[in-house]
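Report on the structure given below.
Derivation of every value follows stated rules applied to the coordinates shown; laboratory data play no part. Because the structure is predicted, anything quoted here is derived from the model rather than measured. As a convention, Cβ positions derive from the backbone with ideal geometry for all residues, glycine included, and neighbour counts pool all protein chains shown.
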Amino acid sequence: MILKDKTALVTGGSRGIGRGIVEAFLKQGARVWAFSRSQPKDWNQVESLAQQHGTQVTFLAVDVADEAGLATAVEKVLEQSGGLDILVNNAGITKDNFIFRISNEDWESVLRTNLTSAFYLCRLVIRHMMNRRTGSIINMSSIVGLHGNAGQTNYSASKAGLIGFTKSLALELASRNIRVNAIAPGFIQTEMTDKIPEKNREEMISRIPLKRMGTAEDIAGSTVFLASDLSAYVTGQVIVVDGGMST
């Protein structure tokens with residue numbers, strides 16, 4: 001229970017990697033607030049998991065791209081929780097296409113959801129973390145933010161931006177004992193990747209040294225490490241979790 005008595009906020013926490021992180025945090029004793037645009041029908045399973053581990057989980061329907069709505073939700077979390085120890089900026093969307101087919105709207109929406117929302121959230125919670133002189137912020141980037149990917153200029157730009165944001169913010173906040181790190185997942189099995197044709201999936205798996213797709217639990221494990229005191233001397237780093245794909 002290495003996160004016992006800690007309070008965490010996870011965006012995009014209703015499914016995929018975000019849900020895996022929420023569940024891993026609960027198993028480690030954290031109280032968790034999950035933001036997502038809609039609550040899944042099986043969310044009661046997450047609530048049951050929280051009860052099993054003697055902690056709490058609270059879901060709030062929030063669009064992280066909506067600055068005003070986000071501010072209202074964060075204010076509620078801070079009032080009811082007494083302060084946050086952990087912030088995971090995980091919410092993200094894709095609107096893939098070749099650049100001459102990407103509309104201004106598709107560019108802006110991906111950047112606003114994936115990158116600008118992290119800026120909004122950090123600005124909202126950092127003052128409270130500074131007053132407590134503790135905190136861990138984890139931004140979910142991607143290996144495409146490091147290496148790029150054809151047909152994903154908007155997504156790659158947002159994930160590369162998160163890396164620069166992470167490193168700069170880590171330097172700003174280190175003197176207040178607030179750590180800021182990023183995780184760069186590789187090819188992870190989620191609802192998003194389930195839509196990829198089988199032939200393409202097999203080709204991508206063939207390029208992974210561990211010869212399998214990653215899981216939400218694989219990413220959650222690294223997130224627990226960065227959220228906990230086990231990583232007390234780690235800040236400004238990007239942890240690549242891709243099965244050796246980018247080695």
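Worth pointing out:
- Residue satisfying condition, being hydroxyl-bearing (Ser, Thr, Tyr), surrounded by fewer than 20 Cβ atoms within 10 Å (Cβ to Cβ) and farther than 20 Å from residue 130 by Cα, within set 193, 223: 193
Results for (1) surrounded by 19 or more Cβ atoms within 10 Å (Cβ to Cβ); (2) touching a Ser or Thr at 6+ places or on another chain (Cβ under 9 Å); (3) aromatic (Phe, Trp, Tyr), shown as yes or no for each residue.
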{"residue": "142", "(1), (2), (3)": "yes, yes, no"}
{"residue": "151", "(1), (2), (3)": "no, no, no"}
{"residue": "157", "(1), (2), (3)": "no, no, no"}
{"residue": "173", "(1), (2), (3)": "yes, yes, no"}
{"residue": "176", "(1), (2), (3)": "no, yes, no"}
{"residue": "180", "(1), (2), (3)": "yes, yes, no"}
{"residue": "200", "(1), (2), (3)": "no, no, no"}
{"residue": "214", "(1), (2), (3)": "yes, no, no"}
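- Residues that are surrounded by fewer than 17 Cβ atoms within 10 Å (Cβ to Cβ) and not small (Gly, Ala, Ser) were ranked within the range 51-62; the one that is farthest from residue 129 (Cα to Cα) is 52.
- Residue check for residue 126: buried (at least 17 other Cβ atoms within 10 Å of the Cβ) and either out of contact with any Pro (no Cβ under 7 Å at 6 or more places or on another chain) or in contact (Cβ under 8 Å) with a residue 12 or more places away in the chain (or both): yes
- Residue 101 being in contact with a strand residue (DSSP E or B) (Cβ under 7 Å, 6 or more places away or on another chain) and of a type in the set (Lys, Arg): no
- Residue 2 meets all of the listed conditions (1) more than 22 Å from residue 190 (Cβ to Cβ); (2) assigned to a helix (DSSP H, G or I) but one, namely (2).
- Among residues of the range 214-247, those that are without any contact (Cβ under 8 Å) to a residue 60 or more places away in the chain and assigned to a strand (DSSP E or B), counted: 3
- Filtered residues of the range 103-119 (kept if surrounded by 20 or more Cβ atoms within 10 Å (Cβ to Cβ) and among the hydroxyl-bearing types (Ser, Thr, Tyr)): 113, 117
- Test for residue 81: is it crowded, with 17+ Cβ neighbours inside 10 Å and in contact with a Pro (Cβ under 8 Å, 6 or more places away or on another chain): no
- Elements of type helices (runs of 4 or more DSSP H) contained in the range 131-213, each with 3 or more residues being of a type in the set (Asp, Glu) and without any contact (Cβ under 8 Å) to a residue 24 or more places away in the chain: 198-206
- Test set (1) over 29 Å from residue 31 (Cα atoms); (2) buried (at least 16 other Cβ atoms within 10 Å of the Cβ) - residue 100 fails condition number: (2)
- Checking each residue in the range 8-55 for being assigned to a helix (DSSP H, G or I), more than 19 Å from the chain's Cα centre (by Cα) and either under 26 Å from residue 184 (Cβ atoms) or charged (D, E, K, R) (or both) picks out only 47.
- The set of residues in the range 209-225 that are out of contact with any strand residue (DSSP E or B) (no Cβ under 7 Å at 6 or more places or on another chain) and among the acidic types (Asp, Glu) contains only 217.
- For the range 56-107, the set of residues classified as in a helix (DSSP H, G or I) and among the β-branched types (Val, Ile, Thr) consists of 72, 74, 77, 99, listed by residue number.
- Yes/no for residue 72 being out of contact with any helix residue (DSSP H, G or I) (no Cβ under 7 Å at 6 or more places or on another chain), crowded, with 21+ Cβ neighbours inside 10 Å and of a type outside the set (Asp, Glu): no
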